[in-house]
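To keep things clear, I will list the structure first and then write my remarks on it.
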Amino acid sequence: MTSRYGTPQVAVVSLVNWDAAFATRGVFAMELRRLLDYIERDYAPETEIVLRLGQYHCCRSDHDPPDTRGFSRLRVEYFNQYFVNAFAERFGASRSLHVWDVATITERRQWSHRNESTDCNANHARAEIVETENQVLMNAMCN
């Protein structure tokens, strides 16, 4: 990929939300290792990596039919930490790694605003929250 399009300055890697909801820890670990191999093989060491963590999850389990999701605040936190640790262990100081913890945007909102996601059975973040997350990231990358 990089030989065809040049060397990217930044790669944003976004995992966790769907992985925490649908994958086992074992499957997540196996697929994450494959992703790490791919990044190590195909991205130049000078490409900075931004790790976008899972979004804020609050207050309850989701209401999908049984056995389709395994989503909770602690599960998202665990997958987030596993994600960051795997990149840090693989690349250490050999790459510039940055953590983009999007959950902090929602966590800093007033309690009543944080719970707006409870209107959605699956606890999805509202569109304006995702837009804010992306705008803050773009501003940080460009300034």
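The values are calculated or read from the model by the stated rules, or taken from the named source; none is laboratory data. Note that the structure is predicted; figures quoted are calculated from it, not measured. Counting neighbours? That spans all protein chains shown, and the Cβs are built from the backbone with ideal geometry, glycine included. Quick note on the areas: whole protein, heavy atoms, side chains included, nothing else; ligands and nucleic acids left out. Shrake-Rupley method; radii C 1.70, N 1.55, O 1.52, S 1.80 Å.
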- Ala21: passes all of (1) in a helix (DSSP H, G or I); (2) surrounded by 12 or more Cβ atoms within 10 Å (Cβ to Cβ); (3) at pLDDT 85 or above but (3)
- Message: Residue under question is His98, and the condition is that it be under 15 Å from Leu15 (Cα atoms), at pLDDT below 75 and under 17 Å from the mean Cα position of the chain (by Cα); does it hold?
- Response: no
- Just wondering, is there one or more residues in the stretch 65-79 that are at pLDDT below 85, under 24 Å from Met138 (Cα atoms) and assigned to a loop (DSSP other than H, G, I, E, B)? no
- Query: Within the stretch 36-52, can one find any residue that is of a type in the set (A, V, I, L, M, F, W, C), under 26 Å from Arg73 (Cα atoms) and either open to solvent by 40 Å² or more (accessible area, probe 1.4 Å) or in a loop (DSSP other than H, G, I, E, B) (or both)?
  - Reply: no
- Tabulated pairs, the stretch 83-94, first part of a helix (DSSP H, G or I), second basic (Lys, Arg) and open to solvent by 30 Å² or more (accessible area, probe 1.4 Å), C-beta under 8 angstrom, 6+ apart or interchain: Ala86/Arg33
